[in-house]
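J.: One structure, pasted below without further comment.
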Amino acid sequence: MGSHCCSEKKFEGVSVRYKRVLWVVIALNAIMFGVEMTAGLFAQSQALQADALDFLADSVTYALSLWVIGKSIRMRTTVAIGKGLSLSFIGAWVLLSTIYQMTGVHSPEPVTMSWVAAAALGVNILSVILLISYKDGDANVRSVWLCSRNDAIGNVAVILAASGVWATQSGWPDLIVAFFMATLFFSSSLQIIRQALAERREALLHNTM
């Protein structure tokens, strides 16, 4: 997750400003989940639906991160591990549903994909700007940053997928992007869990659990 030594004190989210930022990004992500999932179903886009699930995961992640601020390191690392596992679950769902869609590849509606992904990208760029100062915090704080970063990357990927669908009149670019986003979920999950476990080991070593 971070490149810092585990013994170095990391920001744990105990900040009024950080809590306010979390409330803002929770609201933004919850709204975009509804918008993007509806549009994804309408446009029959697997990539849009995958990105909408990422928004949902982020909303839950941010809410959990807000709730766990100030609690024991055991509680914080347990929640972080849970968030990491949930990302793996979403990644698995996206991967399996995408494989299923490959049995009958269709071309999603590229115009809807484009404008929704562009709107989502704007929301996520705002979230990234708000959170970038906190990207090197503990496992919980770091998980918030990774989720926002993933969303921004995912939105760019969906826009590229829409361009590919329009250019090729094929659904394959949409499925390829969905595969990419599944791997992004798995990668972030692994990073969060590794950092949480490292922080827990460090706390046990110094008897600060």
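The values are calculated or read from the model by the stated rules, or taken from the named source; none is laboratory data. What you see is a predicted model, and the numbers here were worked out from it, not measured in a lab. Note that we place each Cβ from the backbone using ideal geometry, even for glycine, and neighbour counts take in every protein chain shown.
J.: Please pick out the residue among 175, 184, 160 that is assigned to a helix (DSSP H, G or I) and either within 20 Å of residue 29 (Cβ to Cβ) or not aliphatic (A, V, I, L, M) (or both). Explain how you work it out, then say what you get.
T.: Values: 175 fails: either within 20 Å of residue 29 (Cβ to Cβ) or not aliphatic (A, V, I, L, M) (or both); 160 fails: either within 20 Å of residue 29 (Cβ to Cβ) or not aliphatic (A, V, I, L, M) (or both).
One residue alone meets the criteria, 184.
J.: Looking at (1) at pLDDT 80 or above; (2) part of a helix (DSSP H, G or I); (3) surrounded by fewer than 24 Cβ atoms within 10 Å (Cβ to Cβ), which is the one condition that is false for residue 150?
T.: (1)
J.: Which one is nearest to residue 72 (Cα to Cα), of the residues in the stretch 154-197 that are small (Gly, Ala, Ser) and over 18 Å from the mean Cα position of the chain (by Cα)? Quick ask: steps written out before the conclusion?
T.: From the stretch 154-197, those small (Gly, Ala, Ser) are 154, 157, 161-164, 167, 170-171, 178, 182, 187-189, 196; that's our starting set.
Next, only the ones that are over 18 Å from the mean Cα position of the chain (by Cα) stay: 161-164, 167, 170-171.
On the way: 161: 43, 162: 45, 163: 47, 164: 48, 167: 52, 170: 51, 171: 47 Å.
If we take residues in the stretch 154-197 being small (Gly, Ala, Ser) and over 18 Å from the mean Cα position of the chain (by Cα), then 161 is nearest to residue 72 (Cα to Cα).
J.: While we're on this one: Among the residues of the stretch 24-59, which ones are under 17 Å from residue 145 (Cβ atoms), buried (at least 17 other Cβ atoms within 10 Å of the Cβ) and either without any contact (Cβ under 8 Å) to a residue 24 or more places away in the chain or not hydroxyl-bearing (Ser, Thr, Tyr) (or both)?
T.: Filtering the stretch 24-59 for residues under 17 Å from residue 145 (Cβ atoms) gives 24-26, 28-29, 54-55, 57-59.
Next cut, buried (at least 17 other Cβ atoms within 10 Å of the Cβ) only: 25-26, 28-29, 54-55, 57-59.
Answer for the stretch 24-59, where residues must be under 17 Å from residue 145 (Cβ atoms), buried (at least 17 other Cβ atoms within 10 Å of the Cβ) and either without any contact (Cβ under 8 Å) to a residue 24 or more places away in the chain or not hydroxyl-bearing (Ser, Thr, Tyr) (or both): 25, 26, 28, 29, 54, 55, 57, 58.
J.: OK, next. Looking only at the stretch 19-31, count how many residues are in contact with a helix residue (DSSP H, G or I) (Cβ under 7 Å, 6 or more places away or on another chain) and either charged (D, E, K, R) or modelled with pLDDT of 90 or more (or both). Full working, then the answer.
T.: Step one: list which residues in the stretch 19-31 are in contact with a helix residue (DSSP H, G or I) (Cβ under 7 Å, 6 or more places away or on another chain), which gives 19, 21-22, 24-26, 28-30.
Restricting the remaining residues to those that are either charged (D, E, K, R) or modelled with pLDDT of 90 or more (or both) gives 19, 21-22, 24-26, 28, 30.
Qualifying residue count for the region: 8.
J.: Inspect all residues belonging to the stretch 197-207 and state whether any of them is in a helix (DSSP H, G or I), modelled with pLDDT of 85 or more and hydrophobic (A, V, I, L, M, F, W, C).
T.: Yes, the conditions are met somewhere in the stretch 197-207.
J.: Could you please give the count of residues in the stretch 114-138 that are surrounded by fewer than 23 Cβ atoms within 10 Å (Cβ to Cβ) and touching a Leu at 6+ places or on another chain (Cβ under 8 Å)?
T.: 2
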